[in-house]
Structure formats: structure tokens, C-alpha cells
Amino acid sequence: MSDYPHGMDAPSPAVLAWAAEAVGDRPPARVVRPLAGGSHAATHLLATATRRMVLRRFPAGDGAAAREARVLTALDGLGGLVPRLLAADPGAARPATLTTVLPGRADIRPADPGAAAVRLARTLARLHAVPAPGLDAPSVRLPPDLAGEPPVLTHRDYWSGNVLWTGGAITGVVDWTSGCLAPRGVDVSWCRLDLVLLHGRAVADVFLRAYEDAAGVRVAARWDRWAAEHSRAGVETWVPNYSGLGRDDLTASVLRARHTAWARRLG
């Protein structure tokens, strides 16, 4: 059996040489370890003689590397909250991005889920307040009654596994392949759905109250229905994302049951 989980195949020597050369170091780079938390990209921590960096490789023909490169270039690190782009190879057999390393690790098993939800909310409000001209509209279709809300900088996959923590403080937000300009309800409802699946409705409600207090706006309840409907067909595919970060209890059947109960409650 491989040392790498499914989707985490080791980078080839050619890719490791490209990574080192892209940052001006003597090739090749070496793999420190695979990084868990997602199933879309194979993500690895690399090192050269002078630095560490994160390599993300996507399926052949996938446009995610090009999108992430554009978004990270526009955000330019956001004062250390977002990785900086070091290099990108969107035309490779496995399109790739190479970024700086942010401190911390994803934590979807916090000792105090309510306190973590408050920090998630305040960080999201901070992101939504950042001007981000030049980003694209969202790649998903929004209902007319929601699409007309003012656009803000949107992560588009803001869930606990894409947020890094150190000592109870948030130190970074990663995976910007879907970053865009969209109504704030896209991120708020998506994170609420994640918190419902992880911890239950009460924690998701704590998140919403904290976000609205921090942002100074109210988020329409119908956004929750949008997120539930948008995720309805594929919630079982999220199992690897959760299990890779230590929530083996969130099996396909458990995720489906929790999702169904949430959707029914929303009406």
C-alpha cells in the first residue's frame, strides 16, 4: 500500500525540479509530507535548501490552478492571512500552483466549537471587507432574488478545513481556487452548513450571530436553503475531506442524515 492517501500521489522528479527552479533554488525540492483536508488537489509540503512551500496539483485539464493563481495574485497575501503565489504551471499534465507556507493547521475538532465558530465568523467578516476588484463572478448560478445582493470578496469554499489555526487563533485561509466576487451569503451559508454537519445547528447559529455582529449586516435566511440545495446531490463525497482531518465518524450515511435533517428544518 502506498504511503500516500488516495489523491495524494507523490510529485514526480520533474515536478520537484520545477518547484525548486521556480523559486531560484537548486533542484530538486523534496517532499516533507502530504497535506490533508481536501480531495480536489494533491497537496504537499515541499522544501529546498532555503525555504518551504506548498505544491498543489490538480486533475489533467482542470482550470483550478489558473484560477487560484489569478486570485492569489490579486489578494497579494492579505497581510499574511492568505498564501502568496510563488509560481504556477496551469498548462502542465497536472496543473499546479506553488505558494508560500502559512503557519498553523486545519482543526475540525476544536475543544470549544462555539468559540471556534466565533473566530471563523470574525475572520470571514474581515475577508468580506477587503476590496478585490478584478475578480470573476461566481461559477455557480444563483437565484435571481439572491444574485442581486452586493458582491464582496468571496472564498466560495469557506469551511473549517480551509482555515489554519495556531494556539486557538486563526493564522490563515487556504484553497482559493474558487475565489470570486459574490454576495456574502455564499460564504456564510456554506460555512454554516459545514458547522451543522460537524457540530450541529447551535454552533452554526453562534457563527451567524457573530458574523452579523462583526460585519454589521444581516444575512437572509434563504441563503441556507441555497447552500443545502446546492450540496444536496454530493454531500457524501465530502467524507474524505472530513476523515482526512480526523472526523472518521462522519461517514456517508451520517453526512446524508444530517444534511437531510438540516434541509427539512429549513423547509
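Can you say whether G104 is surrounded by fewer than 17 Cβ atoms within 10 Å (Cβ to Cβ) and either in contact with a helix residue (DSSP H, G or I) (Cβ under 7 Å, 6 or more places away or on another chain) or of a type in the set (D, E) (or both), as far as the supplied structure shows? The answer is no for G104.
Being in contact (Cβ under 8 Å) with a residue 60 or more places away in the chain and either surrounded by fewer than 21 Cβ atoms within 10 Å (Cβ to Cβ) or assigned by TED's automatic domain parsing to the domain that holds P133 (or both) is the requirement here; does V196 meet it? Considered against the rule, which asks whether it is in contact (Cβ under 8 Å) with a residue 60 or more places away in the chain and either surrounded by fewer than 21 Cβ atoms within 10 Å (Cβ to Cβ) or assigned by TED's automatic domain parsing to the domain that holds P133 (or both), V196 comes out as yes. Listed by position, the strands (runs of 3 or more DSSP E) contained in the range 15-120 that have at least 2 residues being under 17 Å from D175 (Cβ atoms) are 42-47, 52-57, 85-89, 96-99.
This table checks each residue for (1) surrounded by fewer than 16 Cβ atoms within 10 Å (Cβ to Cβ); (2) among the aliphatic types (A, V, I, L, M); (3) over 25 Å from G77 (Cβ atoms).
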residue: V130; (1), (2), (3): yes, yes, no
residue: L142; (1), (2), (3): no, yes, yes
residue: L153; (1), (2), (3): no, yes, no
residue: S178; (1), (2), (3): no, no, no
residue: D205; (1), (2), (3): yes, no, yes
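Which ones in the range 76-120 are farther than 20 Å from A17 by Cβ, in contact with a Lys or Arg (Cβ under 8 Å, 6 or more places away or on another chain) and touching a residue at least 60 places away in the same chain (Cβ under 8 Å)? Can you show your working first?
From the range 76-120, those farther than 20 Å from A17 by Cβ are 76-84, 102-120; that's our starting set.
Still in the list and also in contact with a Lys or Arg (Cβ under 8 Å, 6 or more places away or on another chain): 76-77, 81, 108-109.
Correct list: L81, I108, R109.
Looking only at the range 14-42, how many residues end up being closer than 24 Å to V235 by Cα and crowded, with 20+ Cβ neighbours inside 10 Å? Count: 5. When V173, V206 are checked against the criterion of being out of contact with any Gly (no Cβ under 9 Å at 6 or more places or on another chain), of a type outside the set (D, E) and in the same structural domain as H128 (by TED's automatic domain parsing), V173 stands alone in meeting it. Given the criterion under 19 Å from C180 (Cα atoms), assigned by TED's automatic domain parsing to the domain that holds L250 and at pLDDT below 95, identify the matching residue among L127, L142, L78, L153. Unique residue meeting the criteria: L142.
Within the option set G179, G185, G167, being at positive phi and not assigned by TED's automatic domain parsing to the domain that holds R57 holds for one residue only, G167.
The values are calculated or read from the model by the stated rules, or taken from the named source; none is laboratory data. The structure presented is a predicted model; accordingly, all values stated were derived computationally and were not measured. Glycine gets a Cβ as well: all are built from the backbone with ideal geometry, and neighbour counts include every protein chain shown.
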